[in-house]
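**Q** Handing you this structure, nothing more for now.
The values are calculated or read from the model by the stated rules, or taken from the named source; none is laboratory data. Worth saying up front: this structure is predicted, and the values here are computed from it rather than measured. All Cβ positions, even for glycine, are placed from backbone atoms using ideal geometry, and neighbour counts span all protein chains on display.
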Amino acid sequence: MGKSCVTELSELMCATGGKITIMKHGQQSEAGKSNVEKADAQEQQVYNSIVDFDVFKEDIEGDYSTDYE
C-alpha cells in the first residue's frame, strides 16, 4: 500500500463499507504582518512582479481599523 497525502480529490474506502471523500481540507495559508515585515522586497518582486511589494508593505502596516466603523 503506497503512502500519499489526502486531498479534496481523494476517495478512501471506509472500514465499515462506503466511501470517504474530503470536502474541505481546512488548511489555509495567509501572510500576516510579521511575514510581510520579514520578507525581502526584491525576492518578492521576482515571485510576483505585478505587485509593488514596497507599496503592499506600506498598506499592510497601515491602520485601517477606523475604516469599518
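**Q** Among the residues of the stretch 1-32, write down those that are at pLDDT below 80 and aliphatic (A, V, I, L, M).
**A** Result: M1, V6, M23, A31.
**Q** Still on this structure, please answer the following. Under 6 Å between Cβ atoms, at least 6 apart or on separate chains: pull out the pairs that start in the stretch 33-61 with a residue that is at pLDDT 85 or above and end on any residue that is part of a loop (DSSP other than H, G, I, E, B) and basic (K, R).
**A** none
**Q** Additional query: When the stretch 1-42 is examined, which residues are found to be farther than 30 Å from E58 by Cα, of a type in the set (A, V, I, L, M) and part of a loop (DSSP other than H, G, I, E, B)?
**A** Across the stretch 1-42, the qualifying residues are M1, V6, L9, A15, I22, M23.
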